[in-house]
Structure formats: C-alpha cells, structure tokens
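Below: one structure, written as structure tokens.
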Amino acid sequence: MGFQLVPASYLILRRGEEVLLSLRGGTGWRDGYWSLPAGHIEAGESAMAACLREAVEEIGIVVRPDDLVPLCTVHRTGGSGKPVDERVDFFFAAEVWAGEPTNLEPDKCAELGWYGLKDLPTPVVEPVDQVLAGLLSGRLPAIFATGRFE
C-alpha cells in the first residue's frame, strides 16, 4: 500500500477580530488544549463538505457553502510513515452563519469561547496556533508543512 494521509477540516468562525475556540476534553489527545471546530473527512466527502457537516454536528450552526472561505492547507508528519502519523488539514473561515454556536459534543469539548486573535488562551493545538498567528500577521501561506508533530 502506498503513502496515506488522514484528512481533517477545521472551521475558523470569525466575529470581527474574534474567533470561536473549543477546549478539548475527554478525547485522550490534547485534552486541555484549545482548538477549532473540526473533524476528519469521511470517505467520499470533500474537505468543504466535511467542514459544513462538522459545523452542524459540533456547534449547531449552518454555514452556506458560498460563505465558507478556503484559507490554507497544512501537512503534518509524525515521521513514522504510518497513516495515523501523516495528516493533512484544510482550514476554512466563515463570518456568516445561521444559529448560535452551542457545544453539542460535551464528551469531546469542555468549553466554547470567543477570543481575540491578539488574546488567545493557551495552550492551542498545533497547527491551529500557527494558522491563527498567520491570520493575525496577515501572512498566511496557502500551503505549508509544520514538520513533525506528537
């Protein structure tokens, strides 16, 4: 079998200079770290469709495809060559949506909160921290690799 990647989509929900973050909890990976509404892309699903689905499933909002803006793609590797350690993350942003963001997965998310890009809580999961820093600086490449991750 050839090289494989585990794909995921992330949603950066923006309210002016604020972004909606979720505090991981009960997942067994990076619990206590802040992240974004996100999830793995399912077989036969596009990155955009996964992002729209996760918005409904995780935070109960509806984003129209026309209101979802592709921002960047990130490749991460754990260096083992195993698919679980090879990741590709698709980041999208939205400033328009229907509904009020609500924590619909309390078994995976301890808290939701709006935070200014200049005043983010810590710690933030990689590569989310790097993408948000890129948004703040205005220097967000379309594709970048973060190297190894844990």
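Here are the numbers for the structure shown:
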read-out: Positions within the stretch 113-128 being at pLDDT 95 or above and either more than 13 Å from residue 24 (Cα to Cα) or touching an Asp or Glu at 6+ places or on another chain (Cβ under 9 Å) (or both), in sequence order; value: 114, 115, 116, 117, 118, 119, 120, 122, 123, 128
read-out: Residue in the stretch 89-97 that is in contact with a Cys (Cβ under 7 Å, 6 or more places away or on another chain), surrounded by 12 or more Cβ atoms within 10 Å (Cβ to Cβ), in a strand (DSSP E or B) and of a type in the set (A, V, I, L, M) present; value: no
read-out: Residues (of a type outside the set (Lys, Arg) and touching a residue at least 12 places away in the same chain (Cβ under 8 Å)) located in the stretch 63-77; value: 63, 65, 67, 68, 69, 70, 71, 72, 73, 74, 75, 77
read-out: Residue 105 being in a loop (DSSP other than H, G, I, E, B), modelled with pLDDT of 95 or more and in contact with an Asp or Glu (Cβ under 9 Å, 6 or more places away or on another chain); value: yes
read-out: Residue among 66, 85 that is farther than 20 Å from residue 22 by Cβ, surrounded by 14 or more Cβ atoms within 10 Å (Cβ to Cβ) and of a type in the set (Asp, Glu); value: 85
read-out: Hits in the stretch 48-60 - residues which are touching a residue at least 24 places away in the same chain (Cβ under 8 Å), surrounded by fewer than 20 Cβ atoms within 10 Å (Cβ to Cβ) and touching a strand residue (DSSP E or B) at 6+ places or on another chain (Cβ under 9 Å); value: 48, 57
read-out: Checklist (1) touching a helix residue (DSSP H, G or I) at 6+ places or on another chain (Cβ under 6 Å); (2) modelled with pLDDT of 95 or more; (3) over 21 Å from residue 30 (Cα atoms) applied to residue 53, failing item; value: (1)
read-out: Verdict on residue 66 being among the charged types (D, E, K, R), part of a helix (DSSP H, G or I) and farther than 23 Å from residue 136 by Cα; value: yes
read-out: Unique match (being outside any loop (DSSP other than H, G, I, E, B) and within 12 Å of residue 9 (Cβ to Cβ)) among 58, 45, 111; value: 58
read-out: Index of the failed condition, residue 80 passing every other in (1) within 17 Å of residue 35 (Cβ to Cβ); (2) without any contact (Cβ under 8 Å) to a residue 12 or more places away in the chain; value: (1)
read-out: Single residue of 14, 76 found to be modelled with pLDDT under 95, within 15 Å of the chain's Cα centre (by Cα) and not in a helix (DSSP H, G or I); value: 76
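The values are calculated or read from the model by the stated rules, or taken from the named source; none is laboratory data. If you're wondering where the values come from, they're calculated on a predicted model, not measured in any experiment. As a convention, Cβ positions derive from the backbone with ideal geometry for all residues, glycine included, and neighbour counts pool all protein chains shown.
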